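Report on one structure; see the data block that follows.
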Amino acid sequence: MSGFFALKPFHRPRLWLGLWVFAVMAVVVLSLVNLSGLPPVPEGGDKVEHFLAYALLSASAVQLFARRRASLLIALLLVVLGIGLEFAQGTLTTTRMADPRDALANTLGVLAGTATMLTPMRRMLATIDARLRPARA
């Protein structure tokens with residue numbers, strides 16, 4: 001895959017990209033469905049969940065995309081997604097409510113995940129992918 005959103009050279013690029021897209025979709029769905037049947041989360045615990053979800057999404061983008069600019073654009077889009085989902089919770093659902101602190105936790109998570117591009121962790125998925133490569137006879 002070439003171009004702005006080119007992936008790093010993986011042996012299984014469709015698998016990794018598919019898992020990332022699935023994770024993004026899961027965050028969207030879980031942000032909008034009625035979760036009132038679940039056990040209550042301790043005070044402030046939902047902020048940790050928001051932070052971790054968006055940190056994982058953005059760190060995964062750093063793992064996937066070959067170009068730093070693509071990872072940065074995706075980080076910006078994840079921030080917009082987090083804000084948009086908070087808005088949608090307040091306007092499109094009756095069981096959820098918008099919380100600016102959730103949007104802030106999402107944004108801080110994106111920043112933390114994107115910061116992994118400055119660390120050796122940015123190559124973690126490539127290392128895993130190489131180790132999962134089938135041995136040649």
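None of the figures in this text is laboratory data; all of them are computed from the coordinates on show. None of the values given here were measured: they were computed from a predicted structure. Cβ: placed from backbone, ideal geometry, glycine included. Neighbour counts: every protein chain shown.
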Per-residue ellipticity at 222 nm for the chain, helices alone: DSSP H runs ≥ 4 residues times -39500 (n - 2.57), over residue total, nearest 500 deg cm²/dmol? -22000 deg cm²/dmol
Would you mind giving the three semi-axes, in whole Å and largest first, of the ellipsoid equivalent to segment 1-97 according to its Cα gyration tensor? 29, 14, 12
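Packing-wise, with mean Cβ within 10 Å as the measure, how do 79-85, 43-49 rank, highest first? Please list the in-between numbers first.
Values: 79-85: 18.4, 43-49: 12.4.
Answer by packing, highest mean first, reads 79-85, 43-49.
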Calculated from backbone phi, Karplus (6.51, -1.76, 1.60) coupling profile of segment 68-79 in Hz, x at Gly/Pro: 4, 5, 5, 4, 5, 5, 5, 4, 4, 5, 5, 4
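Give me the percent of Cα-Cα pairs in segment 45-131 that sit more than 16 Å apart, rounded to a whole number. Please list the in-between numbers first.
Numbers: 1990 of 3741 pairs.
So the pairs more than 16 Å apart make up 53 percent of the total in segment 45-131.
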